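Asker: Handing you a structure now.
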Ligand code: CO
């Protein structure tokens, strides 16, 4: 036992005012960021954080993580919330506990490297709005991607926490790339950069307890700044790793309040408080206070989010992580993506292809955004590659990675894959070796011109620069230029109760009969749609208020993903004209049309006409997604292979090429529109 980690037993005293331990373990609470990001798709709303904020401030956490990571994206995209406002609002309730955010290095809170001018302004604005600790990581552990943000963090007088992504290529620490020496070297680099603390970021829950002990002990012996551990519970090892980390002398651990803990989130704080009580590492936390916060979360907050919890399996741990060394979030993304493409039966092939793609792309750690980049490319390979040709549909992000735009990969990228990806790449076919942001043009001036007066201040401007399509939409809502869609509005506890009652009746068969009868009431404009999950089954339910009592307007059981999968259509393949009406699952009464953007409704007949003439070649969406932009307009001539439209799917951009020479006869959607798989995006004649 080294000196850092010596555990001494003292007298056990559970009083909240017990004497302070000699070397209390510090705790960062992640409930308000990683907790709901891991378990509830980052959908936590600020209004649901306020009821517990003041009590959380009393606990004595070293810091509370409440921003960064995916919050910035989901808040404006799905919740109609201004991300900046959350910091300012919560700061009014947290008067003593410092705020921490997750900063993706030069990727900030997005999925690509931004130019230095954007990175500098972002950090300045975050600090100004109330951020205290910047947990900074880079998906490739290429710390040149910290060079721009660190001086700004320091200049603002804030805490720079340098993070190292924990990754493995073998089931346990070691192998050829991610060895103990690798991590020590990286930690020393961070210390030399002026880090105020170092964090080992085990986003996938891969760290085994005895590897944790070895690693934390070695870090304590080799660097002089505090050592912090972030280990997801996903595989079930993190609670054990926590204890071994304490024994090895870790300074700070990450936990969540129990309703937001475990599964793909983090170990809970309460058992740890009890475990360390009466030792020299006692946290000093009041377990009664924690219990009172839990009660509020359980009773008043979580009923609104429970439907987001993945309850398709009973087990709280994911042994796939142990088998595939893959983050849980990445696995669920892969499953979702395959499901959307009716290809869930091919998950086995994806697991087989994944390590191969990862190795070919430089054995990168799997964390946002590299986990998505590797994951989605893997799915593309499984669905679209042929015997003769691999990497048939390469995402824009893989091209960027091959160019060096994310930084240096742990091992070199496979030269053949790199060459193929960079063929005709807009920045050039020779990869760069410098710090990536050095080749990026400043972005702010251009963004300012594009968004104009709609961005009232620098915070708006950053939102637009980072998320041009959804950010602009949000600003339209924010300034009342467009109506906020129903789907973005918060649901209330009342809504949840009504839904539960309806579901009970539905299951008892009381409503099915009524909804099958011919005299179905007209749906009103106030109808709200709920997705209701019962085990594996999924119902879409429309609820209408009539005379104060909810009336079930329709209930449609959505069939489980079809298997076997229809053969996937690669982008740009010639496809026969669609049947007159899209096949809908047989359902009791006519289900409502899938929500479709107005533009598509208006444009669809044009497509039908074009395809009915028999001479048009359709470009169909190979996967569901959102239109980023059309590179070509109606009347433009195209050559085979020219990019016609860019489709974002699972946050990756896919350039869809013209399958043939011709003239664009129809463009059926617009920027920002959501499209379903096989929607006809454009027609070439
Ligand atoms: Co995390």
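Asker: Taking the DSSP beta bridges in the range 617-684 as the whole, what percent of them are antiparallel, to the nearest 5? Show your work: numbers first, answer last.
Answerer: Details: 21 of 21 bridges.
Bridges in the range 617-684 that DSSP calls antiparallel: roughly 100 percent.
Asker: Now for a separate question. Within 10 Å of each residue's Cβ, count the other Cβ atoms and sort 647, 422 from fewest upward.
Answerer: Fewest to most other Cβ atoms nearby, the residues stand as 422, 647.
Asker: How big is the range 24-307 along each principal axis, measuring the range of its Cα positions in Å and listing the largest first?
Answerer: On the principal axes, the range 24-307 reaches 49, 48, 33 Å in Cα extent.
Asker: Just order 107-114, 202-209 by mean Cβ neighbour count inside 10 Å, highest at the front, would you?
Answerer: Top to bottom by mean Cβ count within 10 Å: 202-209, 107-114.
Asker: What's the percent breakdown of Cα-Cα distances in the range 444-488 across 5 Å bins, shortest bin first?
Answerer: That works out to 5, 25, 35, 19, 10, 4, 1, in percent per bin.
Asker: Also, quick follow-up: Using the count of nearby Cβ atoms within 10 Å as a rough guide to exposure, how do 96, 448 rank from fewest to most?
Answerer: In increasing order of surrounding Cβ atoms, one gets 96, 448.
Asker: Normalise the Debye intensity by I(0) for the range 114-245, one equal point scatterer per Cα, no solvent, then take log10 at q = 0.10 Å⁻¹ and round to two decimals.
Answerer: For the requested q values the scattering log ratios are -0.34.
Asker: Follow-up question, since we're still on this one. For 125, 172, 281, what ranking results if the residue with the fewest other Cβ atoms within 10 Å of its Cβ goes first?
Answerer: Fewest-to-most ranking of 125, 172, 281: 172, 125, 281.
Asker: Can you grab the distance from the C-alpha centre of the range 220-238 to the C-alpha centre of the range 447-464, Å, no decimals?
Answerer: 39
Asker: Give the separation of the Cα centroids, the range 279-313 to the range 129-179, in Å.
Answerer: Spelled out, the Cα-based centre of one part sits 29 Å from the other.
Asker: Another question about this same structure. Could the peptides 384-391, 636-643, 136-143 be put in order, highest first, of the mean number of other beta-carbon atoms found within 10 Å of their residues?
Answerer: 136-143, 636-643, 384-391
Asker: Please give the peptides 343-356, 158-171 ranked by average Cβ packing (other Cβ atoms within 10 Å per residue), highest first, as a rough proxy for protection.
Answerer: Top of the packing list down: 158-171, 343-356.
None of the figures in this text is laboratory data; all of them are computed from the coordinates on show. All values reported here derive from a predicted model rather than from experimental measurement. In this analysis, Cβ positions are derived from the backbone assuming ideal geometry, glycine residues included, and neighbour counts consider all displayed protein chains.
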